[in-house]
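Enquirer: Right, I'll just put the structure down here and ask away after.
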Amino acid sequence: MRRRTCRLVLPALRYPEWGKSRCRESWAHDTLGARHLVGAVSMAGLHVESEQEPLLGDTPGNREWDILETEEHYKSRWRSIRILYLTMFLSSVGFSIVIMSIWPYLQKIDQTADASFLGWVIASYSLGQMVASPMFGFWSNYRPRKEPLIVSIFISVAANCLYAYVHIPASHNKYYMLIARGLVGFGAGNAAVIRSYTAGATSLQERTNSMANISTCQALGFILGPVFQTCFAFIGEKGVTWDVIKLQINMYTTPALLGAFLGILNIILIFAILREHRVDDSGRQCKNINFDEASTDEVQAPQGNIDQVAVVAINVLFFVVLFIFALFETIITPLTMDMYAWTQEQAVLYDGIILAALGVEAVVILLGVKLLSRKIGERAILLGGLIVVWVGFFILLPWGNQFPKIQWEDLHNNSIPNTTFGEIIIGLWKSSMEDHNERPTGCSIEQAWCLYTPVIHLAQFLTSVVLIGIGYPVCNLMSYTLYSKILGPKPQGVYMGWLTASGSGARILGPVFISQVYAHWGPRWAFCLVCGIVMLTITLLGVVYKRLIAFSVRYGRVQE
């Protein structure tokens, strides 16, 4: 009789000696299942060559009916998960590849656009994602996940093409950019599908690693996106024009066009490789998309209610995590241009390098967190991440008696001050860099706070960036991991949609909040308010700390 290659799915980590078995099968957690499991291990020790039969029930329809996961199924499951890793990576690249150039591009295509409108443009991405996430999540619960994934990516491709053409209309160009970014965000609503699929296709023991890998791919997208933008900065603002189709290829449009091309490749890979898979918390295979449609020979959904208090708490925590990072990535370009008198091209280049470095840092942190979570748990790591974020924003508060350069100095101060030879050389180098930009540099006199708010020193800024770069990926990963474990093995599409929508709402309010507060009151008030928000979030986490446990742990099916 032909042998079947398979692996043994273990119910908990308390049986590590069974992990090396050559068979992978699903097991119930009651006493009867345990006795049969011991018997199965004994048979494996005797090298039984006959084909393995189900041990936990005599007939299909038994709640403990064993569902075999073959080697082929196992490989197909992980190929599909890895395709979604790639999808998350490309979605992240699509967002970050233009984030540093939106402000100068907006100023170029529409002179009426100001910093406040920049906040709305960046927020439109998240508004689209907030609307789309529950829709795609609901869709994925009842239909093959390929459908919402392909539709969402196609929308992103079309939106990126629109972004490359927003310079063509004779007026209201800024609103076309607003629409383009909103549609890109709508396409990014597939993040809910990606995470719900991954949560449903992994066991409880695989969950943290798989969620960490998704976050790592997301971080890699944030690395390479700004890197691509930095490379394209050398094309310049003028670039070349393809007159036949009225396409301008410059440092602003090339990233969007690359994003569209990568989206097309992603659609092809999803068609070719992605398959539907689902397992429960113990790794037992389920045949259909969701439990509601399960036949009698499938593993039944565990009884018990989801802790709604924990669900709401994670949504609030995740909202704050995304809120503070969204406002940080929004304000980084205006802040550095105001504080360090960088030109638009310098800001795109240097801030792109900074965000790329943050991405590298995030990957390293996420790899470390995967190991650390096994020792101290996700809740403690989440708390530590929030504390690090608070310290990062506290350091960012402006202190001292030195003030930023004011823009009107370029217009009214033509005298040569007393300088050293080195400062003269640096000044000449800066002048040659600024000759390509007619706009004055420094903190705008229209912002009254520029006259009395101390400068944020570059070392101070970079230290803050490093700390925020540590805390944010930790909090992001732990929020998703805890959330998926709290929900348990039931279909998570809608719940993940709401969590993604929560984060998208934060990305809407974060840019609007920081652009308004920064423009009117400056960085001191802005970052003080952020510190207060993070402190309240730490307090909330302390209140609900004991409730943030896995569904299976809560009902005693799996030991934590």
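Bear in mind these aren't lab numbers, they're just calculated from the coordinates by the rules spelled out. Please read these numbers as outputs of a predicted model, since none were measured by experiment. Cβ sites come from the backbone with ideal geometry, for glycine too, and all protein chains shown count toward neighbours.
Enquirer: Calculated FRET efficiency, Leu371 and Gln402, Cβ-Cβ r, R0 41 Å, to nearest 0.05?
Expert: Values: r = 43 Å, r/R0 = 1.04.
My answer for the efficiency is 0.45.
Enquirer: Between Phe394 and Tyr545, what FRET efficiency follows from the Cβ-Cβ distance if R0 is 22 Å, with the result rounded to 0.05?
Expert: On the way: r = 23 Å, r/R0 = 1.04.
Here the calculated transfer efficiency is 0.45.
Enquirer: Taking the beta-carbon count within 10 Å as an exposure proxy, list Cys475, Cys217, Cys450 from fewest neighbours to most. All intermediate terms of the calculation are to be shown ahead of the outcome.
Expert: Values: Cys475 28, Cys217 23, Cys450 20.
Ranked by crowding around the Cβ, least crowded first: Cys450, Cys217, Cys475.
Enquirer: Right, next: As a footprinting exposure proxy, order Phe403, Phe232 by other Cβ within 10 Å, with the fewest listed first. Each step should come with its number before you reach the end.
Expert: Numbers: Phe403 15, Phe232 24.
Least to most surrounded, the residues fall as Phe403, Phe232.
Enquirer: Taking the alpha-carbon centroid of each part, what is the distance from the range 303-363 to the range 237-251 in angstrom?
Expert: Between the Cα centres of the range 303-363 and the range 237-251 lies a distance of 31 Å.
Enquirer: Would you please state which residues of the range 158-179 a label at Thr112 would reach in this model, taking the label point 7 Å out along Cα→Cβ and a backbone N cut-off of under 11 Å?
Expert: The answer is 171-175, whose backbone nitrogens lie closer than 11 Å to the label point.
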